[in-house]
Amino acid sequence: MFQTLGLQAYQPLPADTGDDATSRVILDQVTLGIYDLNDSISVLQARRAGACYQGQLSKKRERCCGLLKPCWQSRYFVIVGRFLYRFGSAESSEPKGAPLALEGMNVCALEDEILPYAFLISTLSKAVVVAADSADARIVWMHELRKAKQRAIKEGLGHAVEKKEHVALNKKGRNLLQRKLIERRAEGGKRVEMRTLGGGVWGFVDPHY
């Protein structure tokens, strides 16, 4: 899949990496021309490039590694080119988190006690649980994601021509995904000391918020 996306395989970072290591990795990427500080994508840019589908969904957020009751956050999702982007709102100037590559994406319906029209969106690197506001909306979203996946696969194999308005946006999406994966590797497993009344308790920072 990484070859299809034009990404490089990653080597594990040293165990003692932290904020300094993250900054160093990003600085190296800028120097090499891999990390472009102008790679941010807005909802308006996605619309102008001809977004395949877009709309509001509720995203499930786990808290304290599942020890606390999860919460649901309203997010604006956009399918454009070969990626699915998540934004804070329909007017956002940049996406939240890493984009999800459509080529390796799978979607399946879920049943949730709080929001009944939930479904799972998963890739090799991330899984997201979202919910639509109706059964029909969930069907449409799942259909559009699967249709966009097939299109992305055909483009990746050279069986379909990449739309010219998507070329620049797909490049930005690949760069953004690569940057987020590098940052996640640098941040993952970093220990922080959580103070309690009874003394110090060690935990882990969860970068997959």
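The values are calculated or read from the model by the stated rules, or taken from the named source; none is laboratory data. Owing to the predicted nature of the structure, the values given are computational and were not obtained by experimental measurement. FYI the Cβ positions are ideal-geometry reconstructions off the backbone, even for glycines, and counts take in every protein chain you see. These area figures cover heavy atoms from the full protein model, side chains too; ligands, DNA and RNA do not enter into them. Shrake-Rupley method; radii C 1.70, N 1.55, O 1.52, S 1.80 Å.
Under a cut-off of 19 Å between alpha-carbon atoms, report the lysines in cross-link reach of Lys163, not counting same-chain residues fewer than 8 places apart.
In chain and number order, the partners are Lys147, Lys149, Lys154, Lys171, Lys172.
Starting from 0.36 nm per residue, how many nanometres of slack lie between Glu91 and Arg146 once their C-alpha separation is accounted for?
17.2 nm
Over what distance in Å are the Cα centres of the range 134-158 and the range 81-106 separated?
After rounding, the separation between the Cα centres reads 14 Å.
Using Cα pairs under 8 angstrom and six or more residues apart, how large is the relative contact order of the range 44-182, in percent?
22
How far is it, in nm, from the label point at Lys163 to the one at Ser42 when both lie 7 Å from their Cα along the line to the Cβ?
Each label point is offset 7 Å from its Cα along the Cβ direction, giving 2.0 nm.
Please list Trp72, Trp141 in order of solvent-accessible area, largest first, computed with a 1.4 Å probe with all protein chains present.
Result, largest first: Trp72, Trp141.
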